[in-house]
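Single-structure report; data block below.
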Amino acid sequence: MTELLKDILGQPAQFKKALAYHQGNQYSEIKKASDAIGKASQVLIIGIGASYTAGISIMHALKKHEVFCSLIDASELENMEIFPPNSIAMILSRSGKSIEIVKSADICKRHKIPTIAITNDTQSPLAQNVDIVVSAAVKFDHAVSISTYSSLILVGGLITTFKEYGKHMADIIQRLIGACDYIEKYQLEWQKRIELSIMKQEALPVFFLGRSESYASARAGRLLWAEVAKSQSSCFATGNFRHGPQEMLSKKCKIVIWLSDHYSLNNDIKLISDMIRVGTDVSVITSQKQIGPDVDTYIVPTVPEEFQAAFNCTPVQMMAEALSRKLGVDCDSFVFCNFIVTSEAGIQ
C-alpha cells in the first residue's frame, strides 16, 4: 500500500481528530475568527497550490452567508495596488512556511489588514506573524496534500457557520462525524471499484467538472492528476464547460463530474446523459441516489454545503492514486517540487 493511499484511508480519522480539537477548546479559535470576520466589510482569502483550491470552497461558503470576499493567489498578492478598506485576510497554508504565504502576511501587515491563518503548524512563520491562528488540527500527510487540504475546508466551514449556528454547533459536529463514519464504511469498496476501472481505462484526456461548492473538488482533481499521477488534465466549472470545451467530448475522453445538491441538478443530469450518449466515459460523484444503472456513480455523504468539498474529494483522490500505480509513477515523492516551496525561483 502506498503512503498516499494510507493518507486517503486515514482522512476520516483525521477529520474526527480536528473536530474533537475544536470541540475540546469550546471553539475558541473558531469564535475569534468568526467574530473578526463579522466586523470586516470584505474577506481576502489567500492561498497557493492546494490551499488556494481549498479557498474556492471557503469563498463559496462565505458568500452563502452574505459575506463579501475575494480569492487571491498568494503569488499575485504583491501585485495588488489597492486593498479595500476594512478588509480582513484569511491566509490558508498547511505548513505556514511557503515563501509566498510568509510574504503575504508581511504584505497584509504593511497595509494594516488584520489577518487570520488556518494552518497545520501553529508555530510556523505564518502563525507567528498573524493576528488570529486557527489550527487545522490534523497530522501532516506523507507528501501530497490530502487531510491537510480538506481540513482547511472543514475548519473554514466551521468558521463560516459559527455565527449563524454557534448554539447548534454540536449538532453540526455530529453530522460531520456521521459523514466520516460513512466514508470509512465505503472507502474500501470505492477503492476496489476504482482499481478495476482504472486498470481497464486507456490513457484518456481527463476533465473534472463541478459547480459551486464542488468546483473546488474539480480543481483538486486536476492538481492531484499533476502531483500524484504526473499526468495532464483540465478542470472547468460545469456551466463553463458547455461553452466551447465540450467540443472535446469523444469516446477517447474521460469526465469526472460532481453533482451539486443545490444548483442545476437536473441540468447536469441531462448533461451526463448526453455525454454518455456520445460515448464519453463518465464518473459521477454525488450525494444523490444512483444516477442510472449504467453510470459509474460514487455516492458521498450529505453534509451542509459549506463542508461538502471536504468529503466529496475522496473518490478522486483514490482515482489519482490508482492511476499512478497503473502508469508506474511514484505517488509518494515529488520529482521537481519540494514538499515546502521556500524559494520563488526555479523548479525546486
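The values are calculated or read from the model by the stated rules, or taken from the named source; none is laboratory data. As the structure is a prediction and not an experimental result, all values here were calculated from the model. For neighbour counting, all protein chains shown are included, and Cβ atoms are generated from backbone atoms with ideal geometry for every residue, glycine included. Quick note on the areas: whole protein, heavy atoms, side chains included, nothing else; ligands and nucleic acids left out. Shrake-Rupley method; radii C 1.70, N 1.55, O 1.52, S 1.80 Å.
In straight-distance terms, cross-link reach from Lys31 covers every one of the lysines whose alpha-carbon lies under 16 Å from its own, apart from those fewer than eight places away in the same chain; here that gives Lys39, Lys163, Lys167.
Relative to the longest principal axis of the chain, what angle (0 to 90°, nearest 10) does the C-alpha long axis of helix 28-38 take? Long axis of 28-38 versus the principal axis of the chain: about 80 degrees. Computed from the Kirkwood radius of its Cα pairs, the Stokes-Einstein diffusion coefficient for the stretch 232-299 at 25 °C and 0.890 mPa s stands at 199 µm²/s. Rounded to the nearest 20, the Cβ-based charge dipole of the chain about its Cα centre (Lys and Arg +1, Asp and Glu -1) stands at 300 debye.
Sites listed here are trypsin sites (Lys or Arg not before Pro) in the stretch 58-156 whose DSSP assignment is loop and whose Cβ has at most 10 other Cβ atoms within 10 Å: Lys112. Rounded to the nearest 10 degrees, the angle from helix 99-110 to the longest Cα principal axis of the chain is 40 degrees. Compared with the dominant principal axis of the Cα atoms in the chain, helix 147-165 is inclined by about 60°.
Just checking the listed ones, Leu204, Leu71, Leu259: in the Gaussian network model of the chain with Cα springs under 10 Å, the one fluctuating most is Leu204.
At 10 °C and a viscosity of 1.306 mPa s, what translational diffusion coefficient does Stokes-Einstein give for the stretch 74-233, taking Rh as the Kirkwood radius over Cα pairs? Give it in µm²/s as a whole number.
Rounded to a whole number, D works out at 87 µm²/s.
A 1.4 Å probe run over the stretch 145-207, with the rest of the protein chains in place, finds 47 Å² accessible per residue. Of the accessible area of the stretch 46-173, computed with a 1.4 Å probe over protein heavy atoms only, carbon and sulfur atoms account for 51 percent. Where the alpha-carbon atoms of the stretch 225-348 are placed on the principal axes, they occupy 46, 35, 28 Å, in descending order.
Is the stretch 149-219 rounded, prolate or oblate when judged by the Cα gyration tensor, a ≥ b ≥ c being the square roots of its eigenvalues, rounded requiring a/c under 1.5 and prolate requiring a/b larger than b/c? All intermediate terms of the calculation are to be shown ahead of the outcome.
Numbers: a/c = 4.20, a/b = 1.81, b/c = 2.32.
Note, shape of the stretch 149-219 comes out oblate.
Bridging of Lys230 to lysines at a Cα separation below 20 Å is possible for Lys6, Lys200, Lys252, Lys254, Lys326, once same-chain residues fewer than 8 apart are set aside.
Across the stretch 117-131, rounded Karplus estimates of 3J(HN,Hα) from the backbone phi angles (6.51 cos²θ - 1.76 cosθ + 1.60, θ = phi - 60°) give 10, 9, 8, 8, 10, 7, 10, 6, x, 4, 4, 6, 10, 10, 7 Hz, Gly and Pro being marked x. With no solvent and one equal point scatterer per Cα, compute the Debye intensity ratio I(q)/I(0) for the stretch 193-234 at 0.17, 0.28, 0.33 Å⁻¹ and report its log10, rounded to two decimals. Calculated log10 I(q)/I(0) at the listed q: -0.51, -1.02, -1.07.
Under the rule a/c < 1.5 gives rounded, and otherwise a/b versus b/c splits prolate from oblate, where does the stretch 1-48 land using the Cα gyration tensor? Can you show the working numbers first?
Working: a/c = 5.81, a/b = 1.74, b/c = 3.34.
Here the stretch 1-48 falls in the oblate category.
Which of these, Ala179, Ala20, Ala170, has the largest mean-square fluctuation under a Gaussian network model of the chain (Cα springs below 10 Å)? Largest GNM mean-square fluctuation: Ala170.
Here the Debye sum runs over all C-alpha atoms of the chain as equal scatterers in vacuum, and log10 of I(q)/I(0) at q = 0.07, 0.15 Å⁻¹ comes out as -0.28, -1.31.
Suppose every K and R has +1 on its Cβ and every D and E has -1 on its Cβ; what is the size of the dipole of the stretch 157-226 about the Cα centre, in Debye to the nearest 20? Provide the component values of the computation, followed by the final result.
On the way: 10 positive and 8 negative charges, 33 e Å.
Here the stretch 157-226 has a charge dipole of around 160 debye.
Heavy-atom accessible surface of Tyr21, to the nearest 10 Å², is about 90 Å², with a 1.4 Å probe and all protein chains retained.
Amide H contacts of Asp281 (H built 1.01 Å from N, in plane; Pro and chain starts excluded): Cys253, Ile255 sit under 5 Å, all sequence-distant by 5 or more or on other chains. Please give the net charge around Lys163, taking every other residue with its beta carbon less than 13 angstrom from that of Lys163, where Lys and Arg add +1 and Asp and Glu add -1. Counting the neighbours of Lys163, the net charge comes to +1. About its Cα centre, the dipole of the stretch 201-348 is roughly 400 debye, where the only charges are +1 on Lys and Arg Cβ and -1 on Asp and Glu Cβ. Shown here: the stretch 1-120, whose C-alpha atoms stretch 49, 31, 24 Å along the first, second and third principal axes, sorted largest to smallest. The stretch 267-315: D in µm²/s via Stokes-Einstein (Kirkwood Rh, Cα pairs, 25 °C, 0.890 mPa s)? For the chosen part, D equals 209 µm²/s.
When the square roots of the Cα gyration tensor eigenvalues are ordered a ≥ b ≥ c, the ratio a/c for the stretch 75-120 is 1.5 or more and a/b does not exceed b/c, which makes its shape oblate. Towards the positive end of the charge dipole of the chain, with charges on Cβ (+1 Lys, Arg; -1 Asp, Glu), say which of Ser87, Ile269, Gly221 has the farthest Cα. About the Cα centre, the residue reaching furthest to the positive side is Ile269.
Highest mean first, what order results for 305-312, 195-202 on Cβ atoms within 10 Å? Intermediate values should be presented prior to the final figure.
Details: 305-312: 27.2, 195-202: 13.0.
Answer by packing, highest mean first, reads 305-312, 195-202.
Along the axis of the charge dipole computed for the stretch 1-135 (Cβ charges of +1 for Lys and Arg, -1 for Asp and Glu, origin at the Cα centre), the listed residues Ala105, Gly55, Ile8 are led at the positive end by Ile8.
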